[in-house]
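Remarks on the structure that follows.
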Amino acid sequence: MEILKADSAGFCFGVKRAVDAVYENIESKDKLYTFGPIIHNDEVVKDLESKGVTILSTPEELVSAKDGTVIIRSHGVSKEIIDLLEENNIDYIDMTCPFVKRIHNTVYKESEDKNIIIIGNPVHPEVVGIMGWSRGKAFAVEKEEDVSKIPFPKDQQICVVSQTTFNYNKFQELVEILQKNSYYIYIVNTICDATRKRQSEAKEIASKVDAMIVIGDKKSSNSKKLYEICGGVCEKTQFIQSLHELNDSLLQGASQIGITAGASTPNNIIEEVQNYVRINF
Ligand code: SF4
């Protein structure tokens with residue numbers, strides 16, 4: 001049996017940078033907070049909590065964190081949250097991924113004279129953060145049905161950006177639908193290359209193997225998308241959070257097994273799965 005593991009499996013640059021920043025600051029800061037879980041991965045979040053890192057969830061909790069340092073995760077936050085931190089003199093380290101920061105800057109600048117459409121999941125924290133840089137002029141479009149709900153007049157120009165982890169083909173489809181609906185759009189493709197590479201590598205591997213394993217947290221949207229993509233070309237695709245969820249029966253008799261993982265999956269979990277598969281099949 002041969003294992004084809006995707007080179008792009010696991011932490012992307014932005015997530016690694018944010019997670020490393022938390023671990024690096026645990027010793028030196030009196031009290032360390034993250035605004036929301038640092039990544040969509042329960043194992044990592046539990047480990048950080050056991051080391052004294054506290055997760056803040058609301059702006060009210062954020063304002064009360066004057067005794068420590070708050071780390072902003074790679075998803076980024078709205079302008080309102082940054083203003084709140086500044087106005088209340090709260091010490092913070094902004095680990096917004098530079099690719100997401102670029103979207104904030106684009107949206108802030110373009111919303112001066114344009115409306116904004118964000119192609120992405122409206123409740124995803126990255127999209128919520130991007131919305132918060134649009135001067136209240138953004139609308140999220142995740143699927144075709146959402147296009148009819150766009151509140152902007154067709155004679156006003158619209159700047160279109162994307163959630164970094166959105167599926168590239170779906171983004172293109174939605175852009176075409178917007179064009180067909182006569183929206184006057186200016187497109188800034190902000191899909192992250194890391195996501196695109198991970199998605200195309202996953203598809204390539206999944207189309208060759210007999211069984212495919214996608215490792216990621218069930219709350220991670222990029223992991224769910226990988227599962228969707230792999231499942232489209234390999235019937236025996238399974239989505240697991242960690243080794244104990246692995247369904248052995250889907251791997252029986254396979255001569256090639258593929259492995260990939262979402263951007264928030266730590267290396268040790270990927271290695272554990274890979275070693276188990278190597279030893280047992
Ligand atoms: S997927 Fe890309 S944009 Fe998102 S955190 Fe990772 S490197 Fe940054």
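The values are calculated or read from the model by the stated rules, or taken from the named source; none is laboratory data. Bear in mind that the values here come from a model prediction, so they are computed numbers and not experimental data. A quick note on method: Cβ atoms are made from the backbone with ideal geometry, for glycine too, and the neighbour counts reach across all protein chains shown. Accessible surface areas use protein heavy atoms only, side chains included; no ligands, DNA or RNA. Shrake-Rupley method; radii C 1.70, N 1.55, O 1.52, S 1.80 Å.
Things worth noting here:
- Simple Cβ-charge dipole of the range 1-100, Lys/Arg +1 and Asp/Glu -1, about Cα centre, in debye nearest 20: 200 debye
- Close lysine pairs were tallied over the range 47-142: pairs 8 or more places apart or on different chains with Cα atoms under 28 Å apart number 12.
- Among ALA138, ALA211, ALA254: highest mean-square fluctuation, GNM of the chain, C-alpha pairs under 10 Å: ALA254
- Accessible area of the range 41-197 belonging to carbon and sulfur atoms, whole % at 1.4 Å probe: 49 percent
- For the range 122-135, 3J(HN,Hα) per residue [Karplus equation, 6.51 cos²θ - 1.76 cosθ + 1.60, θ = phi - 60°, Hz, x = Gly/Pro]: x, 9, 6, x, 5, 5, 4, x, 4, 3, x, 10, 9, 6
- When each of the peptides 146-156, 56-66, 258-268 is scored by how many other beta carbons lie within 10 Å of its residues on average, the order from highest to lowest is 258-268, 56-66, 146-156.
- Solvent-accessible heavy-atom area per residue, rounded to whole Å², over the chain at 1.4 Å: 47 Å²
- Built amide H within the under 5 Å cut-off of PHE11, gap 5+: THR265, ASN267
- Under-5 Å amide H pairs with ALA211, H placed in peptide plane, nonlocal only: GLN256, GLY258
- Selected from VAL161, GLY10, ILE187, residue furthest toward positive end of dipole (the chain; charges at beta carbon): ILE187
- Solvent-accessible surface of protein heavy atoms, probed at 1.4 angstrom with all chains present, puts ARG198, ARG17 in the order ARG17, ARG198, largest first.
- Size of the chain: Rg and Dmax of its alpha carbons, in Å, are 20.3, 62.
- Scalar couplings 3J(HN,Hα) for the range 218-230, obtained by applying the Karplus form with A = 6.51, B = -1.76, C = 1.60 to θ = phi - 60°, are 5, 8, 7, 5, 5, 5, 4, 5, 4, 4, 4, 5, 5 Hz; x denotes Gly and Pro.
- Annotation: CYS234 carries an accessible surface of approximately 10 Å², with a 1.4 Å probe and no ligand, DNA or RNA atoms counted.
- LYS5 long-range amide H proximity, modeled H, under 5 Å: ILE259
- 14 Å tail of the calculated P(r), the range 99-187, as % of Cα pairs: 58 percent
- Summing Lys and Arg as +1 and Asp and Glu as -1 over all other residues whose Cβ lies under 15 Å from the Cβ of GLY14 gives a net charge of +4.
- The range 185-264 versus the range 57-109: alpha-carbon centroid distance in Å: 31 Å
- Shown in residue order for the range 148-155 are the 3J(HN,Hα) couplings computed by the Karplus curve 6.51 cos²θ - 1.76 cosθ + 1.60 at θ = phi - 60°: 5, 9, 4, x, 9, x, 6, 8 Hz (x for Gly and Pro).
- A dipole drawn for the range 199-281 from +1 and -1 charges on Cβ atoms has a positive end, and of ILE269, CYS230, SER255 the residue lying farthest that way is CYS230.
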